[in-house]
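What follows is a single structure, written as structure tokens, with notes after it.
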Amino acid sequence: SMSVEKNRYEAKRWLKTAQGDLEAARILMGSGKYAHACFHGQQAAEKAVKAVWYFLDADPWGHSITKLIQDLESVDIKSYKNFEQVRRCAVVLDRFYIPTRYPNGLPDLTPEDSFLEEDAQTCIQNATRIIETAIRMID
């Protein structure tokens with residue numbers, strides 16, 4: 001139907017944006033901008049989960065990937081269960097949301113001093129798993 005097509009179209013727009021954020025995270029990691037890479041990894045995964053919400057014709061709220069997944073339980077149990085497998089990835093990424101952006105996120109350190117290449121790799125790997133899960137649910 002028309003609304004299903006509209007929802008799929010919107011979901012694909014969000015997924016495409018998520019994939020762009022992930023690509024940016026990889027480029028930033030390659031340039032040694034680890035805090036920025038972590039942040040963009042978190043953003044990528046958040047948008048991928050929101051893509052599934054839009055696909056289901058529902059309105060996502062907030063920035064916590066973990067909460068966006070938990071709240072899916074009352075929207076669509078199948079989608080919730082699909083994301084349950086990558087819930088650990090969401091929990092890890094959510095830890096990077098605030099401290100990667102603000103100088104007061106961690107005591108006495110700026111984001112630039114606080115994040116390492118392995119943090120960026122972790123965020124990119126976890127975001128990739130969440131995006132791949134979302135793609136399977138929308139296609």
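Simple spin-label model, 7 Å along Cα-to-Cβ: Val4 to Lys67 in nm?
The two pseudo-label positions are separated by 3.3 nm.
Quick check for you: with a 1.4 Å probe and neighbouring chains kept, what is the accessible area per residue of the chain, in Å²?
Values: 7630 Å² over 139 residues.
Per residue, the chain has an accessible area of 55 Å².
Roughly how much of Val91 is accessible, in Å² to the nearest 10, using a 1.4 Å probe?
Around 50 Å² of this residue is reachable by solvent.
Once ligands and nucleic acids are excluded and a 1.4 Å probe is used, how much of Tyr9 is accessible, expressed in Å² to the nearest 10?
It works out to around 150 Å².
Can you pull the semi-axes for the stretch 33-139, root of five times each eigenvalue of the Cα gyration tensor, sorted largest first, whole Å? Before the final figure, lay out each step's value.
Details: eigenvalues 144, 35, 20 Å².
Equivalent ellipsoid semi-axes, largest first: 27, 13, 10 Å.
Counting only protein heavy atoms, what percent of the accessible surface of the chain is carbon or sulfur at a 1.4 Å probe? List each step's numbers first, then the result.
Values: 3980 of 7630 Å².
Percent of accessible area from carbon and sulfur atoms in the chain: 52.
Tell me which of Val75, Tyr9, Ala45 sits at the most positive position along the dipole axis of the chain, charges placed on C-beta atoms (Lys, Arg +1; Asp, Glu -1).
Selected residue: Tyr9.
Would you be so kind as to identify which of Leu28, Ala18, Phe96 lies farthest towards the positive end of the dipole of the chain, taking Lys and Arg as +1 and Asp and Glu as -1 on Cβ and the Cα centre as origin?
About the Cα centre, the residue reaching furthest to the positive side is Ala18.
Per 0.36 nm of contour for each residue apart, how much would the distance between Glu118 and Thr17 grow if the chain were fully extended, relative to their Cα-Cα spacing?
Contour length minus Cα-Cα distance gives 34.0 nm.
Could you sort Arg26, Arg136, Arg101 by accessible area so the largest value comes first, with the probe set to 1.4 Å?
Reading off the accessible areas and sorting them downward yields Arg136, Arg26, Arg101.
Which Cys residues of the chain have no other Cys Cβ less than 4.7 Å away and so no disulfide-compatible partner by this rule?
Among the cysteines of the chain, those whose Cβ sits 4.7 Å or more from every other are Cys89.
The values are calculated or read from the model by the stated rules, or taken from the named source; none is laboratory data. Here the structure is a predicted model, which is why all the values come from computation and not from measurement. With ideal geometry, Cβ positions are generated from the backbone for all residues, glycine too; neighbour counts draw on all protein chains shown. Calculation scope for accessible area: heavy atoms of the full protein, side chains included, ligands and nucleic acids excluded. Shrake-Rupley method; radii C 1.70, N 1.55, O 1.52, S 1.80 Å.
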